[in-house]
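A.B. asks: Before we start, here is the structure in question, set down as structure tokens.
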Amino acid sequence: VCTFVFANDAIGHQVAQALLRAVQRQVAVRLLVDAVGSLHASAGTLRGLEAGGVWVQRFMPLFRNPMQGHINLRNHRKLVVADQLRLWSGGRNLAAEYFLDRPGQPAWIDLSYEVCGPVAGQAAAQFGLDWAAASGVPAAAAGVPSQAGSLMHPGQGHGPVAHPVFEPPPTDGALAQWVPSGPDHADDTVHTLLLAGAYHAQQRIVAVTPYFVPDDALLEAWCLACRRGVQVTLLVPRRFIHWLADWARERALR
């Protein structure tokens with residue numbers, strides 16, 4: 001389990017209990033929370049999870065950071081991988097405001113998805129890299145898949161790791177692709193894929209985003225797609241709380 005926010009509320013407590021029940025079924029469980037995003041997580045809950053057999057790691061704590069000088073390197077990934085074969089991911093943090101309506105405060109409208117198959121194995125490999133970064137140990141020692149697909153021994157103190165069996169990708173091309181991004185990557189692969197998709201699209205482009213502040217290259221690619229007959233649909237929030245992002249998007253929307 002990897003999450004930016006692990007809240008001290010009804011959802012956080014439900015997830016914690018589910019993880020403890022998994023441990024009781026002899027499931028190896030690792031929980032990676034961002035140290036800043038989960039500042040308000042109950043220390044007692046996390047200690048209880050550790051006492052119950054869950055391996056808990058805090059990503060880049062403000063103090064005792066294994067990567068000095070990277071205080072602003074935060075982990076916003078939200079994913080759960082089961083048995084290297086089933087993936088739940090998307091935009092929801094493990095907090096009540098993402099799942100439960102309250103009086104005067106409806107839950108956030110957000111997107112989550114489930115995937116079964118090789119993409120889950122790729123997400124598990126990504127988790128291994130993030131776990132290694134948080135642990136301050138080499139990736140191979142933290143259970144990152146080797147080129148052969150099996151996992152290296154995690155070593156003392158870094159958490160248990162299963163041995164996945166990766167299915168071969170479909171011969172006619174994958175239906176989904178796991179693409180990591182962030183300041184720890186030299187290239188912005190997501191931006192490159194968005195540009196390539198805009199130039200190759202033949203019928204329709206659908207974009208759903210809470211923030212819309214594209215650079216000139218992506219904005220021009222979408223406008224050119226429109227001019228050659230591609231239907232471009234953009235869905236953004238009508239009302240939002242981040243006024244700076246709303247102000248910045250007006251130029252792009254015009």
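A.B. asks: Give the range 219-254 a look and list any residue that's in a helix (DSSP H, G or I) and surrounded by 15 or more Cβ atoms within 10 Å (Cβ to Cβ), or say none.
C.D. replies: Leu219, Ala221, Trp222, Ala225, Ala245, Asp246, Arg249, Ala252
A.B. asks: Could you list all residues from the range 71-109 that are under 15 Å from Val5 (Cβ atoms) and either open to solvent by less than 30 Å² (accessible area, probe 1.4 Å) or in contact with a Ser or Thr (Cβ under 6 Å, 6 or more places away or on another chain) (or both)?
C.D. replies: Those that are under 15 Å from Val5 (Cβ atoms) and either open to solvent by less than 30 Å² (accessible area, probe 1.4 Å) or in contact with a Ser or Thr (Cβ under 6 Å, 6 or more places away or on another chain) (or both): Asn75, Lys78, Leu79, Ser89, Gly90, Gly91, Arg92, Asn93, Leu94, Ala95, Ala96, Ala107.
A.B. asks: Right, something else. Among the listed residues Ala148, Ala139, identify the single one that is loosely packed, with under 13 Cβ neighbours inside 10 Å and modelled with pLDDT under 60.
C.D. replies: Only one candidate passes the filter, namely Ala148.
A.B. asks: On to the next question. Could you grab me the full set of residues in the range 37-55 that are touching a residue at least 24 places away in the same chain (Cβ under 8 Å) and open to solvent by 50 Å² or more (accessible area, probe 1.4 Å)?
C.D. replies: Scanning the range 37-55 gives His40, Trp55.
A.B. asks: In the range 176-211, what residues are assigned to a loop (DSSP other than H, G, I, E, B) and among the charged types (D, E, K, R)?
C.D. replies: Asp184, Asp187, Asp188
A.B. asks: So, in the range 1-36, of the ones that are in a helix (DSSP H, G or I) and either in contact with a strand residue (DSSP E or B) (Cβ under 8 Å, 6 or more places away or on another chain) or in contact (Cβ under 8 Å) with a residue 60 or more places away in the chain (or both), which residue ends up surrounded by the fewest Cβ atoms within 10 Å (Cβ to Cβ)?
C.D. replies: Only one residue fits best here, namely Ala10.
A.B. asks: For the range 113-126, which positions are exposed (fewer than 13 other Cβ atoms within 10 Å of the Cβ) and under 12 Å from the mean Cα position of the chain (by Cα)?
C.D. replies: Within the range 113-126, just Tyr113 meets the criteria.
A.B. asks: Is it the case, given these coordinates, that Leu49 is over 23 Å from Ala107 (Cα atoms), in contact with a strand residue (DSSP E or B) (Cβ under 6 Å, 6 or more places away or on another chain) and outside any loop (DSSP other than H, G, I, E, B)?
C.D. replies: Yes.
The values are calculated or read from the model by the stated rules, or taken from the named source; none is laboratory data. Since the model is a prediction, treat every value here as computed from it, not as a measurement. FYI the Cβ positions are ideal-geometry reconstructions off the backbone, even for glycines, and counts take in every protein chain you see. Protein only, heavy atoms only, side chains kept; ligands, DNA and RNA dropped before computing areas. Shrake-Rupley method; radii C 1.70, N 1.55, O 1.52, S 1.80 Å.
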